[in-house]
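Let me begin by presenting the structure, written as structure tokens, before commenting on it.
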Amino acid sequence: MSTYYVAVNGRDTQAGTIEQPFGSLQHAHNLAQPGDTIYLRGGTYKLTQQIQLTRDGTSGNPITVTNYPGEKPVLDGSGMSGKGWAGAVVDLSSVSWNHIKGLSIANGPEFGLLVRDASHNNVIEQLDVHHNGRLSEWEGKGIVLYGSSANNLFLNNDSHDNRDLPADNADGFQIATTGAGNVFRGNRAWNNSDDGFDLFNVQDGTRAGSVLLDGNWAFHNGYNAAGTQIGDGNGFKLGGTRAGAGGTSGGHVVTNNAAWDNPFNGFDQNGANQPLTLNNNTAYNNGQYNYRFWDGAHTFRNDVSFGTGKVQTSGTSDHNSWTMATAPKASDFLSLDGSGASGARGANGALPTLDFLHLSSGSGLIDKGVNVGLSFNGSAPDLGTYETGATNVPAPPAPTPALTPTLGTSSITVNISGSPAGGTNAHFKVLMDGKTIGQAYSTQTAKDYTFTTSATLDAAHKVQVQYDNDTVINGQDRTLYVNKITINDKAVLPTDSTVTYDIGALDGKNVVHGQTGLWWNGTLVVNADKSFFPAAKVAALSVETADAQTDVWAHVASSQDTTPATDIADQVAHMPVSNDLSGMNLDAVHTLADHVDPHLLAA
């Protein structure tokens, strides 16, 4: 497992170490293997093309892309001009087992973060996604989940101030997937020009996958930059399909969320034709309805409505504030001031700790609920988002974050022998995680060649020996034999179970069991677990050889390269964007309206 570093002043031709960081996340992710970690150093990364994350991790060994501890990297798409999918700052298309954490994504022409097609088992955590949609006629969304993507967790993310050009269709979160098991927890959406969370099924003729929305906030959505309402302005839009398109929407579970100060509705059915379940939510001072559900067998329990918004429900509705004999009053709450809601999160990414909408000690809403399977204190659950007393529903732990890496000097010794051809001995390189740390020519007598490099301690690495001048000259067959590899005094034989042989190139495409003789310019690979790199081990050896006449030189990974950084150069295909609104049913109250470029959906 490798650790890579990316910095604003880095360069993709460097080694990707903390001393010689790469210049782009794109390059680092292109190299990533399951279990690898990529640290982005703080600063603003000016992009001209989108970042396409294409590498998969595995169960138990995800690829982690995270901010370097204590620093804030910003992926800035203000220099991008791509349209359609290419207008997303970061694009995950059919990518699985990635953990993306601690980044800011801003100024994308169409989207901020796009997770689409068949992307599964990803964790998207503590992102700040904002001011996207500057070139968009249709989109402008902050965070998007499309396709058949399943089992993804979106945890403690912010999506705000996203606006398309007409300022009427940019959502904080757009969710339209046929996949199951997707969870949105602890997220915030505010100041987006359309809706906070939009679950309109834009995939015509498909069945929407059930989504869990738990512990999220949506407030002050639906306004343009001047503060004028233009977009729909819902907090949580929970359904919708285009007229005549077929398919289903809805079927979602909505728990412990809060929606306030949205100019239209707090929680909106929006034509969902599959039953919705809403438990322990709070809606306050939304412009039209706090809850608007006009047909269908939906379920409402332990929910609170207060302030200016009206209530309309369909299906089962009991143990809610509007079904009580006495309506709630202002004194039932510790505070009705939400001014700190967009403030800084906790160190662990938790939402700000506020009194806003929490129940006062004498509130008539305490213990007035019914058990719906969520933890509670007292004789019965409280109504609304927050249970009084000790924390009753702790947020499930996020995947264990990568620890701040500890670097140390490691020693790699290879025992090599070989035979020459045409008067030239076999040449080999020693690499760690694909980066050259030393090279030499063999002799016919077996000798030890020792190299040192800087490496993350208490972490797994790949140690590689690459033969790069195999040939036959005038009947002489040049050969190279690896007799033993010693990593920090721990020896490995080339035929051990942890060793493989990559034939022809270091590309992982033609791999066999490890062997002593190297040929076809192949690479011997030691998959060294973290026991080879103990944190207490600090080597201080120099490059050496047993024969002074043998040409030996080493490139130490900690050497500096001051060459200016380069921009990402990967080309992303443009996709046509249509302004055709055919098939859209814009009724008077726009409950079923959602503007999506149909060319994107057909792609």
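First check a/c for the range 88-164, with a ≥ b ≥ c the square roots of the eigenvalues of its C-alpha gyration tensor; if it is under 1.5, answer rounded, and if not, answer prolate when a/b is larger than b/c or oblate otherwise. Walk me through the numbers before you get to the answer.
Values: a/c = 2.38, a/b = 1.43, b/c = 1.66.
In terms of gyration-tensor shape, oblate.
I want to check the label-to-label distance for Thr299 and Asn61. Put each point 7 Å from Cα in the C-beta direction and report it in nm to one decimal.
The modelled label-to-label distance comes out at 4.1 nm.
Starting from the Cα-Cα distance between His513 and Ser419, subtract it from 0.36 nm times their residue separation and give me the gain in nm to one decimal. Before the final figure, lay out the partial values.
Details: separation 94, 0.36 × 94 = 33.84 nm, distance 2.30 nm.
Extra length from His513 to Ser419 when fully extended: 31.5 nm.
Would you calculate the separation in nanometres between label points at Leu374 and Val253, each defined as 7 Å from the Cα along the Cα-to-beta-carbon direction?
Label at Leu374, label at Val253, 1.2 nm between them.
If one computes the Cα centroid of the range 321-353 and of the range 207-263, what distance in Å separates the two points?
20 Å
Using a simple spin-label model with points 7 Å from Cα along the Cα→Cβ vector, what separation in nm is obtained for Thr13 and Ala330?
According to this spin-label approximation, the distance is 6.8 nm.
Once the Cα gyration tensor of the range 68-326 is found, what semi-axes does its equivalent ellipsoid get, as square roots of 5 times the eigenvalues, in whole Å, sorted largest first? Provide the component values of the computation, followed by the final result.
On the way: eigenvalues 158, 76, 60 Å².
One finds semi-axes of 28, 19, 17 Å for the range 68-326.
Size of the range 410-456 along its principal axes in angstrom, Cα-based, largest extent first?
Sorted largest first, the three principal extents are 40, 17, 10 Å.
Order these peptides, 269-277, 182-190, by their mean beta-carbon neighbour count within 10 angstrom, highest first. Spell out each step's value before the answer.
On the way: 269-277: 22.0, 182-190: 23.6.
Most protected by this proxy first, the peptides run 182-190, 269-277.
Rounded to a whole number, what is D in µm²/s for the range 2-99 from Stokes-Einstein with the Kirkwood radius over alpha-carbon pairs (37 °C, 0.692 mPa s)?
On the way: Rh = 13.6 Å.
In µm²/s, the coefficient rounds to 242.
What is the packing order of peptides 9-19, 96-106, taking the mean over residues of other C-beta atoms within 10 Å and listing the highest first? Before the final figure, lay out each step's value.
On the way: 9-19: 20.3, 96-106: 22.5.
Descending packing order for the listed peptides: 96-106, 9-19.
Just order 297-303, 380-386, 484-490 by mean Cβ neighbour count inside 10 Å, highest at the front, would you? If you can, show how the numbers build up before the last one.
On the way: 297-303: 22.1, 380-386: 24.9, 484-490: 17.7.
Packing order, densest peptide first, comes out as 380-386, 297-303, 484-490.
Mind listing P(r) for the range 246-327? All alpha-carbon pairs, 5 Å bins, whole percents.
Percent of pairs per bin, in order: 4, 16, 28, 27, 17, 5, 2, 0, 0.
Of Lys101/Lys530; Lys83/Lys462; Lys101/Lys310; Lys46/Lys83, which sit over 29 Å apart, Cα to Cα? Present the calculation step by step, with values, prior to reporting the outcome.
Working: Lys101/Lys530 24 Å; Lys83/Lys462 39 Å; Lys101/Lys310 38 Å; Lys46/Lys83 18 Å.
Check vs 29 Å cut-off fails for Lys83/Lys462; Lys101/Lys310.
With r as the distance between the Cβ atoms of Asn224 and Thr44 and R0 = 30 Å, compute the FRET efficiency 1/(1 + (r/R0)^6) and round to 0.05.
Working: r = 26 Å, r/R0 = 0.86.
It comes out at approximately 0.70.
Can you work out the FRET efficiency for the pair Ser360 and Asp529, with r the C-beta to C-beta distance and R0 = 45 Å, to the nearest 0.05? Present the calculation step by step, with values, prior to reporting the outcome.
Numbers: r = 55 Å, r/R0 = 1.22.
Using R0 = 45 Å, I get an efficiency of 0.25.
No value in this document is a laboratory result; all are computed from the given coordinates. Just so it is clear, the model here is predicted, and its values are computed rather than measured. Virtual Cβ from ideal backbone geometry, glycine too; neighbours counted across all protein chains shown.
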